[in-house]
Amino acid sequence: MKRKFPLHWQILTGLIFGVIYGGGVSIFVDTTSLVEAIQEFTAHWVKPWGTIFVNSLQLIAVPLVLFSLVNGIAGLKDFTKLGSIGGRAIGFYVITTIIAVSVGLLVVNGFKPWESLTVEAGKDLISAYSNQAEKNISSAQKVKESGPLQFLIDLVPKNIVGAASMNKNMLQVITFAILFGIALISIKSDKSEPVKKFFEGVNEVVLKMVDFIMYLAPIGTFALISNVFVQNSKHFGDLIIGIGGYFISVIFALVLLALVLYPLILWVFAKVNPLQFLKSISPAQLLAFSTSSSAATLPVTMDCVKNNVGVSEEVTSFVLPLGATINMDGTSCYQAVAAVFIANVMGFDLTMMDQLTIVLTATLASIGSAAVPGAGMVMLAIVLGQLGVPMEGIGLILGVDRLLDMCRTVVNVTGDAMVSTVIAKQIGQLKIKSVVN
Ligand code: ASP
């Protein structure tokens with residue numbers, strides 16, 4: 001994407017204006033009726049632009065994954081390579097998630113943010129947010145009722161049109177695309193060549209559509225951010241009455257992942273300059289922050305990783321959609337911090353065994369979380385359930401969850417981009433703009 005004003009500056013501009021507008025209302029307007037009027041105005045006249053932007057990103061996500069993955073596989077000389085890319089991706093994804101949960105546990109046990117919250121303030125928060133908590137709990141219970149092999153069943157769609165009609169079924173689209181791509185390279189070339197050309201052409205068209213959609217980025221980002229701030233202005237008080245410590249713990253743990261762990265892995269395994277890497281993927285990070293959705297950000301993540309970092313189409317088109325769906329380091333890290341915080345506020349003393357349970361369940365819960373706003377919190381209820389902590393406890397953290405969601409989504413997207421860069425380097429498919437030597 002060549003633009004006079006680079007994409008990351010466009011998104012950043014929208015974001016800054018959004019913070020000025022939304023933050024300004026939160027800080028300077030204290031008349032309840034005026035706040036309500038501004039909230040209504042923002043919901044009716046500003047937010048729709050953000051919704052249009054996110055919808056158009058989601059609109060393009062399934063075609064993008066389908067056509068670029070088939071196109072990537074069609075270019076393979078040897079499809080055992082696909083198995084090797086997939087195996088490495090899953091390996092890296094699981095290991096980084098376990099590290100992320102452990103970082104979360106270390107930070108929260110070190111900071112002990114529950115010590116600054118009085119029992120009374122905790123009870124007030126739980127009752128203030130009990131309605132919202134109820135909704136999350138019932139969604140979590142539905143997830144919990146499914147059997148242990150449900151995730152395998154979920155991989156195989158009964159109907160491709162049905163699978164492609166819902167972005168949360170991205171894994172099913174991936175299954176179809178892999179099967180289609182492998183079949184395509186397995187047939188005679190006189191039959192496969194026209195189909196390959198067709199996929200190549202449509203892939204170009206879809207990429208151009210992403211380009212067009214990104215013209216909406218500044219206004220879309222402005223609308224999303226200002227709406228979050230305006231609608232949440234009353235929750236900022238919660239930060240002051242005691243969960244500021246929790247908020248800072250999550251942010252600190254996420255910063256450790258994004259600015260210490262990932263740069264280290266990039267440097268050691270891929271010899272990539274971390275600063276250059278972060279700059280290359282900054283449009284995707286800013287968009288993740290604005291949309292709170294790895295799925296909506298996927299088209300831009302793919303564009304940045306392929307065109308700015310220099311990862312091959314083959315790796316980009318397979319590893320990133322897979323990562324957007326199953327790899328959520330930010331979410332798993334947050335779930336660890338939140339679970340320990342809530343358990344302690346509610347008077348549970350967690351043993352070493354409980355902490356290990358958190359590692360396991362938060363890893364699985366983050367894999368099972370959909371790449372949409374708020375999904376991580378629904379799965380947090382499952383982690384709490386596993387520990388025997390009342391799920392109503394999520395009421396404690398609901399007020400600031402949207403802000404933390406924005407931050408953990410940035411880490412989720414950064415983790416996916418990092419893993420695809422490392423894999424590309426390992427299999428000789430990193431044509432680099434940001435390698436050090
Ligand atoms: N919003 C996150 C994502 O899309 C998931 C979550 O933690 O809620 O990556």
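Side notes on the structure shown:
- Some residue of segment 411-418 being under 27 Å from Asn232 (Cβ atoms), hydroxyl-bearing (Ser, Thr, Tyr) and within 13 Å of the ligand (Cβ to nearest atom): yes
- Where helices (runs of 4 or more DSSP H) fall wholly inside segment 1-87, the ranges with 2 or more residues that are under 22 Å from Thr421 (Cβ atoms) are 7-28, 47-74.
- Between Ala343, Ala295, the distinction of being touching an Asp or Glu at 6+ places or on another chain (Cβ under 8 Å) and at pLDDT below 95 belongs to Ala343 only.
- Qualifying residue in segment 277-294 (condition: closer than 24 Å to Thr175 by Cβ, touching a residue at least 24 places away in the same chain (Cβ under 8 Å) and within 16 Å of the ligand (Cβ to nearest atom)): yes
- Segment 159-182, subset part of a helix (DSSP H, G or I) and free of Cβ contacts under 8 Å to residues at least 40 places away in the same chain, residue surrounded by the fewest Cβ atoms within 10 Å (Cβ to Cβ): Val161
- Selection over segment 402-411 of residues that are at pLDDT below 90 and either of a type in the set (Phe, Trp, Tyr) or touching a Phe, Trp or Tyr at 6+ places or on another chain (Cβ under 9 Å) (or both) gives a count of 1.
- Unique residue being aliphatic (A, V, I, L, M), touching a strand residue (DSSP E or B) at 6+ places or on another chain (Cβ under 6 Å) and under 30 Å from Val70 (Cβ atoms) when the list is Val305, Val309, Val315: Val305
- If you check Ser317, Ser332 for being more than 16 Å from the ligand (Cβ to nearest atom), over 24 Å from Thr118 (Cα atoms), among the small types (Gly, Ala, Ser) and part of a helix (DSSP H, G or I), only one passes: Ser317.
- Here segment 380-402 is the region considered, the condition is being over 22 Å from Leu106 (Cα atoms) and more than 12 Å from the ligand (Cβ to nearest atom), and the residue that is surrounded by the most Cβ atoms within 10 Å (Cβ to Cβ) is Gly395.
- Residues that are small (Gly, Ala, Ser) and either in contact (Cβ under 8 Å) with a residue 40 or more places away in the chain or in contact with a strand residue (DSSP E or B) (Cβ under 7 Å, 6 or more places away or on another chain) (or both), drawn from segment 33-54: Ala43, Gly50
- Yes/no for Thr331 being free of Cβ contacts under 8 Å to residues at least 24 places away in the same chain and β-branched (Val, Ile, Thr): no
- Residue list for segment 340-359, restricted to those being farther than 17 Å from Ile248 by Cβ and buried (at least 22 other Cβ atoms within 10 Å of the Cβ): Ala343, Ile358
- Yes/no for Met302 being away from the ligand (no atom under 16 Å from the Cβ) and either touching a Pro at 6+ places or on another chain (Cβ under 9 Å) or free of Cβ contacts under 8 Å to residues at least 40 places away in the same chain (or both): no
- The single condition among (1) at pLDDT below 90; (2) part of a helix (DSSP H, G or I) that Ile95 does not meet is (1).
- For Ala296: the one exception among (1) surrounded by fewer than 24 Cβ atoms within 10 Å (Cβ to Cβ); (2) under 25 Å from Ile219 (Cβ atoms): (1)
- Scanning segment 359-379 for residues that are in a helix (DSSP H, G or I) and near the ligand (Cβ under 9 Å from one of its atoms) returns Ser366, Ala375, Gly376, Met377, Val378, Met379.
- Verdict on Asp405 being charged (D, E, K, R), in a helix (DSSP H, G or I) and within 12 Å of the ligand (Cβ to nearest atom): yes
- Qualifying residue in segment 423-435 (condition: surrounded by fewer than 24 Cβ atoms within 10 Å (Cβ to Cβ), within 13 Å of the ligand (Cβ to nearest atom), modelled with pLDDT under 90 and of a type in the set (A, V, I, L, M)): no
- Segment 238-300 holds helices (runs of 4 or more DSSP H) entirely within its bounds, and those carrying 3 or more residues that are within 14 Å of Thr421 (Cα to Cα) and touching a Ser or Thr at 6+ places or on another chain (Cβ under 8 Å) map to 262-270, 274-280.
- Residues in segment 299-321 that are buried (at least 24 other Cβ atoms within 10 Å of the Cβ), more than 26 Å from Gly374 (Cβ to Cβ) and not β-branched (Val, Ile, Thr): Ser317, Phe318.
- Every condition in (1) in contact (Cβ under 8 Å) with a residue 60 or more places away in the chain; (2) hydroxyl-bearing (Ser, Thr, Tyr); (3) farther than 24 Å from Thr331 by Cβ is met by Thr96 except one, and the failing one is (3).
The values are calculated or read from the model by the stated rules, or taken from the named source; none is laboratory data. Note that the coordinates shown come from a computational prediction; the quantities given were computed from them, not determined experimentally. Please note: Cβ atoms are built from the backbone with ideal geometry, for glycine as well, and neighbour counts cover all protein chains shown.
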